[in-house]
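Input: a single structure, listed below in structure tokens.
The values are calculated or read from the model by the stated rules, or taken from the named source; none is laboratory data. These numbers come from a predicted model, not from an experiment. Cβ: placed from backbone, ideal geometry, glycine included. Neighbour counts: every protein chain shown. Heavy atoms of the whole protein, side chains included, go into the accessibility calculation; ligands, DNA and RNA do not. Shrake-Rupley method; radii C 1.70, N 1.55, O 1.52, S 1.80 Å.
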Amino acid sequence: MASIVIVGAGYGGVMAGLQFEKALQPFTLVNKHSYHQFITWLHEAAGGRHQIDDYKVELSEIFRQRLSTIIKDEVVSIDRTQRKVIGKHDEYPYDYAIIGLGSAPEFFGIPGLSQYSMQLRSLETARQIRTHIEQQVKAYRDDRDQSRLRIVVGGAGLTGIEFVGELIDWLPGLCNRLGIPNHLFEVQNVEAAPAILPALSENLQHKAQSVLESKGVRIRTNTKITQVMQDAVYLESGEIVEAKTIVWTGGVRANPLLQDAGFTCDGRGRAKVNEYLQSVDDEHIFIIGDNASFISAGRPLPPTAQLATQMGVTVAQNVLAHSNQTTMKPFEPKILGTLASLGRDVGVGLVGGVQTSGAPAGLAKELTKVKYLWQLGGMRMVSRNRKPLVREY
Ligand SMILES: Cc1cc2nc3c(=O)[nH]c(=O)nc-3n(C[C@H](O)[C@H](O)[C@H](O)COP(=O)(O)OP(=O)(O)OC[C@H]3O[C@@H](n4cnc5c(N)ncnc54)[C@H](O)[C@@H]3O)c2cc1C
């Protein structure tokens, strides 16, 4: 039996593992943490909706058939010549490796951005951002420094917009609890492009912007960040925005380990794959999710959990097919829709070609959580993770 190593227990890696379990195929899964994190809900974790630890599930709870070996280790390189994945603690030889290590922030060379901003990428960074905001609000009571209550979020894609929506629903309660007038805090979203949420139609972009503005978010499109310093964002216009909380969500690139391992990568560091999600450089390596540069309609697919999950399923089938010398199946992406939450109640998006907004879109977004949990472990997982499914006020 071929030895299979899955690298990264994200949306793609976990789904691949579940397929192997179904096929009674043993595998090894190497991940930095002992848990799978719900990255698509991190804006809620950072924005105070539920406890941070509600946004993860232990891998041992997902993989219960004891067919798999789950290893908590940080991968540092991939030795393609020797066919082994090298971690900080051990080495993992493979006949087939599936790589799904997710993304790293893209800073576009903006000076100071990586040093002086926080990024919403993992459970730890969500915890860091939330704790930082709480500390700033508390410290404001002592020194009345207004920049402590100003939050600048760079980037108006899904992550940035969902995060400001969450903040604007969370901060009034936080200020009230600490005895600070809640009209004093300020949430700014700064975006270089002319519109927010580029994946949506113009009509939905306008709807989303007006909802957020009516809640009190300052949306600043056509506004380029040129530099970031400690507690200060420099704009192209010459304006300097003083803020003690600066969060960058403006772009991602693939985990740098792919480039380091010598894969042929695109401009965003994603490794090029063929129609079967197999590396163009190595038939024993399959690449999924944010790490794969899969060309569809002439362009690489966007980095989304929706696609990572689909890739995880296909890749497991293709690894088994390749090892059994049967026919592999081309990956057929199905973009089912895009939904953005705009705080705890409402949202905006496109589902199955139909535009939706307001409370129905908010509800549809909640249903995507149930769907994902169901894929992960049926009713057992849905009821175990019921807390993130409950709206709190
Ligand atoms: C706030 C936010 C909201 C989002 N909302 C949506 C949404 O609504 N819909 C949508 O489709 N997409 C959304 N996305 C994008 C989506 O989360 C990603 O596209 C998706 O997580 C990619 O899945 P993946 O399997 O490629 O990698 P990931 O899910 O990122 O998983 C990578 C795994 O690799 C592990 N890892 C990383 N480095 C190492 C290492 N060196 N060694 C070992 N393990 C390592 C990580 O711990 C993680 O478990 C959102 C992203 C963010 C940040």
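Kindly check whether there is at least one residue in the range 187-197 that is farther than 30 Å from Asp73 by Cβ and in contact with a His (Cβ under 8 Å, 6 or more places away or on another chain). Looking through the range 187-197, none of the residues is farther than 30 Å from Asp73 by Cβ and in contact with a His (Cβ under 8 Å, 6 or more places away or on another chain). For first residues located in the range 124-144 and open to solvent by 90 Å² or more (accessible area, probe 1.4 Å), partners that are assigned to a helix (DSSP H, G or I) and lie 6+ apart or on another chain with Cβ distances below 6 Å form the pairs Arg127/Ile52. Scanning the range 31-52 for residues that are of a type in the set (A, V, I, L, M) and within 6 Å of the ligand (Cβ to nearest atom), which turns out least open to solvent (accessible area, probe 1.4 Å)? That would be Leu42. If only residues of the range 80-123 that are away from the ligand (no atom under 14 Å from the Cβ), among the hydrophobic types (A, V, I, L, M, F, W, C) and open to solvent by less than 60 Å² (accessible area, probe 1.4 Å) are counted, the one that is farthest from Asp53 (Cα to Cα) is Ile110. For the range 317-324, the count of residues that are hydrophobic (A, V, I, L, M, F, W, C), within 15 Å of the ligand (Cβ to nearest atom) and surrounded by 23 or more Cβ atoms within 10 Å (Cβ to Cβ) is zero.
Considering only the range 58-76, state which residues are under 22 Å from the mean Cα position of the chain (by Cα) and among the basic types (Lys, Arg). Within the range 58-76, Lys72 is the sole residue that qualifies. Taking (1) among the polar types (S, T, N, Q); (2) open to solvent by 10 Å² or more (accessible area, probe 1.4 Å); (3) within 12 Å of the ligand (Cβ to nearest atom) in turn, Asn291 satisfies each apart from (2).
Within the range 93-117, work out how many residues are outside any loop (DSSP other than H, G, I, E, B) and over 21 Å from Tyr11 (Cβ atoms). Qualifying residue count, the range 93-117: 5. Candidates are the residues of the range 330-347 that are open to solvent by less than 30 Å² (accessible area, probe 1.4 Å) and more than 12 Å from the ligand (Cβ to nearest atom); the one that is farthest from the chain's Cα centre (by Cα) is Phe331.
When residues in the range 182-202 are screened for being under 17 Å from Phe163 (Cβ atoms) and of a type in the set (D, E, K, R), 2 of them pass.
All of Ile225, Ile240 fail the test of being buried (at least 22 other Cβ atoms within 10 Å of the Cβ), in the same structural domain as Gln188 (by TED's automatic domain parsing) and closer than 14 Å to Gln188 by Cβ, apart from Ile225.
Exactly one residue out of Leu235, Leu301 is in contact (Cβ under 8 Å) with a residue 24 or more places away in the chain and under 28 Å from Lys369 (Cβ atoms): that is Leu301. Scanning the range 1-26 for residues that are within 9 Å of the ligand (Cβ to nearest atom) and of a type in the set (Phe, Trp, Tyr) returns a single hit, Tyr11.
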